[in-house]
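Throughout, read-outs are computed from the coordinates displayed, never taken from laboratory work. This is a predicted model, so every value here is computed, not measured. Cβ placement follows ideal geometry from the backbone for every residue including glycine, while neighbour counts extend to all protein chains displayed.
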Amino acid sequence: MEPDTAPPRVDPAAIERIASLRRERDAVILAHSYQPPEIQDLADFVGDSLELSRAAAATPHRTVVLCGVRFMAETAYILAPEKTILMPAPDAGCPLAGCMTPEDLVAMQESFPGALPVVYVNSGVELKALAYSCCTSANAAAVVEAVPADEIIFGPDRNLGLFVERRTRKRMRIFPGSCPPHARLTAGDIALARASWPDAEVLVHPETPPECWDAADHVLGTGGMIARVAASGASRFIVGTEEGMCYRLGRLFPGREFRTAGSIHCPNMKKTTPGLVASALESMETAVRFDESLRAAAHASVMRMASIG
C-alpha cells in the first residue's frame, strides 16, 4: 500500500479560529507522528508519545492541545498537572492501551510474586500507577535490564515484550496484548513492498510480529526511524508502522521516498480534525484530569522510564 500522501484536508475557517485562539488561550499544539497530515501541519511540535509528554512539561504555555490518543494526553498530564491538557478527540482511545486492565496486572503479580512489572507507555494511567516502571519502544530493553529483579512482568504489547526478551537476560512474563494495526503486518506484506522497491531499506516497528523483524533491515521506534533515515545513504524506505509516519518522514526528508509496508492504519489516530482542535480551544471542556494520588503513583513509574532515556 502506498503512504497516506493525500493533500492535507484544509479547513480555512478552523485554521483561522485556531490562530486566534492560540494567542487567547496561551496554547501550544502537540501532535503525534501518526496524526493526519493537516494536524501535523498545524502543530507546533510533532513527536512520539514520550516526546509529546516532555514537550508538554517543558512548554511555557499554560494550555496544551494534545493531538493523539488518550494515553498520550494522560501521560502529558502526569508530567504537567499544572497545565490544562486538552484532547480535541476525547473518544480517541487506544486498543493496545485498553487491552490490559489493572486487574490483569494484579493477577499476573499473584502468579509471579517475585516479578516486578514494566508497562509500555502505551497503557492507561491506572496501569502505570501499578507498575515499577514504564518504558518506550526505544528504551524497553534498557529499562528491563535496570529493574532490580530477575523476573519481569511485561505488558500490554506481546510483540514488544518478545522483542525485549531477545535482548535481555531477564525472565519475561509477557501479557498477550497487541496493537491491532501493527499486529496485522506480515512478512508477505514486506516481501511485496520489496518487490516493487528492491533498493529500499525496510524499517519496522517492534509492535509488528517477529516474522516482520526478521524480514526487515531495522526494527525501530518512530524516533529511531527518523535517526536511521538521517544516517542512511538510501533514497527509498519501506516503513512498517502507522501510515502517518510516512507523511512526517516525507516532510523531514523531502529528497527521499517513503511508502508503507502493508496497510497499518489507526482509525483512532485519525479522529482529530482542525475543527475539533478549534472547538477544544473555544470550549476548554476536553481537559484530561484525574485524582492526584493516581497521578503521583503513575508519575513514579514514568520518571523511572525517563531516567533511562
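Give me the one-decimal Kirkwood hydrodynamic radius in Å for the range 48-133, with the sum taken over alpha-carbon pairs. Mind dumping the intermediate values first?
Details: mean 1/r = 0.0728 Å⁻¹.
Taking every pair of different Cα atoms in the range 48-133, averaging 1/r and inverting gives 13.7 Å.
Taking the Cα centre of the range 96-178 as reference, the dipole from Cβ charges on Lys and Arg (+1) and Asp and Glu (-1) amounts to some 320 debye. For chymotrypsin sites (Phe, Trp or Tyr not before Pro), no site in the range 6-72 is both called loop by DSSP and has at most 12 other Cβ atoms within 10 Å.
For the chain, the longest stretch holding no GluC sites (Glu not before Pro) located in a DSSP loop with at most 16 other Cβ atoms within 10 Å is which? Before the final figure, lay out the partial values.
Values: sites that count: Glu82, Glu285.
Answer from the scan: 83-284.
If you sort the three axes of the alpha carbon gyration tensor as a ≥ b ≥ c, you get a/c of 1.5 or more for the range 1-114 and a/b no higher than b/c, which makes it oblate.
Here's the picture: charge each Lys and Arg Cβ at +1 and each Asp and Glu Cβ at -1 in the chain, and of Val202, Thr59, Phe258 the one pushed furthest to the positive end of that dipole is Thr59.
Which residue, Ala31, Ala215, Ala56, tops the fluctuation ranking in a GNM of the chain built on C-alpha contacts under 10 Å? With Cα springs under 10 Å in the chain, the top fluctuation among Ala31, Ala215, Ala56 is at Ala215.
Dividing the summed helix terms, -39500 (n - 2.57) for each DSSP H run of n ≥ 4, by the number of residues in the chain produces a 222 nm estimate of -13000 deg cm²/dmol to the nearest 500.
Dividing the alpha-carbon radius of gyration of the range 239-309 by the rule-of-thumb value 2.2 N^0.38 Å gives 1.61. Distances between placed amide hydrogens fall under 5 Å for Cys67 paired with Leu30, Ala31, His32, all partners being 5 or more residues away or on another chain.
Nothing charged except the Cβ atoms of Lys and Arg (+1) and of Asp and Glu (-1): what's the magnitude of the dipole of the chain about its Cα centre? Round to the nearest 20 debye.
420
Quick one, which of (i) 18.1, 52; (ii) 27.3, 93; (iii) 19.1, 57 is the actual Rg and Dmax of the Cα atoms in Å calculated for this model? Derived directly from the coordinates: (iii).
To the nearest 0.05, how large is the calculated FRET efficiency for Ser196 and Gln109 if R₀ is 41 Å and r is the Cβ-Cβ distance? Don't skip to the answer; put the middle values down first.
Values: r = 47 Å, r/R0 = 1.15.
Efficiency at R0 = 41 Å is approximately 0.30.
For the range 202-298, the list of trypsin sites (Lys or Arg not before Pro) that fall in a loop by DSSP and count at most 13 other C-beta atoms within 10 angstrom reads Arg289. Taking the square roots of 5 times each eigenvalue of the Cα gyration tensor of the range 96-178, largest first, gives ellipsoid semi-axes of 17, 14, 11 Å. With R₀ fixed at 45 Å, the C-beta to C-beta distance from Phe45 to Asp291 puts the FRET efficiency at about 0.95. DSSP beta bridges confined to the range 85-171 are antiparallel in about 0 percent of cases. Here the range 181-231 is described by how far its Cα atoms reach on the three principal axes: 27, 24, 17 Å, from widest to narrowest. When +1 charges are put on Lys and Arg Cβ atoms and -1 charges on Asp and Glu Cβ atoms, the dipole computed for the range 169-248 relative to its Cα centre reaches about 460 debye.
Bridge orientation summary for the chain: considering DSSP beta bridges with both residues in this region, about 5 percent are antiparallel. Where the alpha-carbon atoms of the range 162-256 are placed on the principal axes, they occupy 44, 25, 21 Å, in descending order.
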